[in-house]
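Following: one structure in structure tokens, then a few remarks.
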Amino acid sequence: DEMVVCGGGGANATLMTAIRRQMRAMHAHMNVRTCEELGWPLKSVEPAAFACLAWLRWQRKHGNLPQTTGASDAVLLGSIT
């Protein structure tokens, strides 16, 4: 029912118009908005996601969700170098 766009693309009016048009063509009631509309600065979500993935790796916790990615197993992601 809702798509939240994060990152620099959310500041691109042409791209956002195209995304909204395409999503509504596939799902008439789809609401497309940016993470900024939810209180998250556009440029903060990606670094936060990478920080979360790094923390998971450092803690030796699995960083993927097989049920959503189609992976056969949960695994450690990345490497500590």
Q: Round to the nearest 10 and give me the degree value, 0 to 90, for the angle of helix 45-58's Cα axis relative to the longest principal axis of the chain.
A: 20 degrees
Q: Could you work out how far helix 13-26 tilts from the main Cα principal axis of the chain, as a 0 to 90 degree angle to the nearest 10?
A: 90 degrees
Q) Working out 0.36 nm times the residue gap between Ile80 and His27, then minus their Cα-Cα distance, what length gain in nm do you get to one decimal? A) 14.9 nm
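To the nearest 20 Debye, how big is the dipole of the chain about its Cα centre, given +1 on the beta carbon of each Lys and Arg and -1 on that of each Asp and Glu? If you can, show how the numbers build up before the last one.
Numbers: 8 positive and 6 negative charges, 23 e Å.
Here the chain has a charge dipole of around 120 debye.
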Q: May I ask you to give the solvent-accessible area per residue for the chain, in square angstrom, as obtained with a 1.4 angstrom probe?
A: 75 Å²
Q. Given only helices, namely DSSP H runs of n ≥ 4 each adding -39500 (n - 2.57), what is the per-residue ellipticity at 222 nm of the chain, to the nearest 500 deg cm²/dmol?
A. -12000 deg cm²/dmol
Q) Can you give me the pair-distance distribution of the chain, C-alpha pairs, 5 Å bins, whole percents? A) 3, 14, 16, 15, 16, 17, 12, 6, 1, 0
Q) Along the charge dipole of the chain, which of His29, Gly78, Ala18 sits closest to the positive end, that is, farthest toward it, with unit charges on the beta carbon of Lys, Arg, Asp and Glu (+1, +1, -1, -1)? A) Gly78
Q: Select from the chain those trypsin sites (Lys or Arg not before Pro) which occupy a DSSP coil region and have at most 16 other Cβ atoms within 10 Å, ordered by residue number.
A: Lys43, Arg60, Lys61
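Can you sort Ser44, Ser72, Ser79 by 1.4 Å-probe accessible area, starting with the largest? Before the final figure, lay out each step's value.
On the way: Ser44 35, Ser72 105, Ser79 85 Å².
Greatest to least solvent exposure: Ser72, Ser79, Ser44.
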Q: With a 1.4 Å probe and every protein chain kept in, tell me what percent of the accessible surface of the chain is carbon plus sulfur.
A: 58 percent
Q) Gain in length, Trp55 to Met3, computed as 0.36 nm per residue apart minus the alpha-carbon separation, to one decimal in nm? A) 16.1 nm
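The values are calculated or read from the model by the stated rules, or taken from the named source; none is laboratory data. Not measured: the values here are computed from a predicted model. Heads up, the Cβs are rebuilt from the backbone with ideal geometry, glycines too, and the neighbour counts pull from every protein chain shown. These accessible areas exclude ligands, DNA and RNA; they are computed on the full protein's heavy atoms, side chains included. Shrake-Rupley method; radii C 1.70, N 1.55, O 1.52, S 1.80 Å.
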